[in-house]
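A.B. asks: Just dropping this structure here.
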Amino acid sequence: MKSINWNSPARRKIMYPLFKVAKAQLVERFERKYLIMVLSDHAGNITKSANAAGLNRVHLLRLLDRYGLRQSARRTATLVHASVRRLSSGSEP
C-alpha cells in the first residue's frame with residue numbers, strides 16, 4: 001500500500017480550495033442567522049439593527065440584499081407596526 005504524501009503540492013492544491021469553500025459556507029450561514037436575529041430583535045428597523053450590529057446602515061442593506069432578507073425586514077416591520085396599532089386601539093385578536 002502506497003502512503004499519501006500530505007505535503008505534496010498536488011495535495012495542497014486540492015485541499016486549499018475545499019477549505020475556502022467550507023469557510024465561505026460557514027460564514028454565509030452565520031451572517032444570515034445573525035442578520036435574521038438582529039432584524040427580529042429590532043422589529044425590522046434597519047437603522048436600529050445596523051447600530052446594534054455595529055455596522056454602517058448601507059453595509060447592512062447590502063448584506064440583506066445578498067441574502068434576500070430585505071423584504072423580510074419590511075414584512076417584520078409591517079407586522080410589528082400593525083400589532084402595535086391593534087394593541088394601542090384596544091382590540092386584540
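A.B. asks: Would you mind calculating the gained length between residue 15 and residue 36 on full extension (0.36 nm times residue separation, minus the Cα-Cα distance), in nm to one decimal? Please list the in-between numbers first.
C.D. replies: Values: separation 21, 0.36 × 21 = 7.56 nm, distance 3.21 nm.
Stretched fully, the residue 15-residue 36 segment lengthens by 4.4 nm.
A.B. asks: Follow-up. Can you count the Lys pairs in the stretch 11-89 whose Cα atoms are under 26 Å apart, with each pair 8 or more apart or on different chains? Show your work: numbers first, answer last.
C.D. replies: Numbers: 13/23; 20/33; 23/33; 33/48.
Qualifying lysine pairs in the stretch 11-89: 4.
A.B. asks: If you don't mind, there's one more thing I want to ask. Quick check for me: using +1 on Lys/Arg Cβ and -1 on Asp/Glu Cβ, what's the dipole size of the stretch 11-89 about its Cα centre, in debye to the nearest 20? Don't skip to the answer; put the middle values down first.
C.D. replies: Working: 17 positive and 4 negative charges, 78 e Å.
Here the stretch 11-89 has a charge dipole of around 380 debye.
A.B. asks: So, one more: Against the globular-protein guess of 2.2 N^0.38 Å, express the Cα radius of gyration of the stretch 11-89 as a ratio, rounded to two decimals.
C.D. replies: Against the compact-globule rule of thumb, the ratio is 1.46.
A.B. asks: Between residue 65 and residue 25, what is 0.36 nm times their sequence separation minus the Cα-Cα distance? Round to one decimal in nm. Walk me through the intermediate numbers first.
C.D. replies: Details: separation 40, 0.36 × 40 = 14.40 nm, distance 1.71 nm.
Once the chain is fully extended between residue 65 and residue 25, it gains 12.7 nm.
Where a number appears in this text, it was derived from the coordinates with a stated rule and is not lab data. This is a predicted model, so every value here is computed, not measured. All Cβ positions, glycine included, derive from the backbone under ideal geometry; neighbour counts span all protein chains shown.
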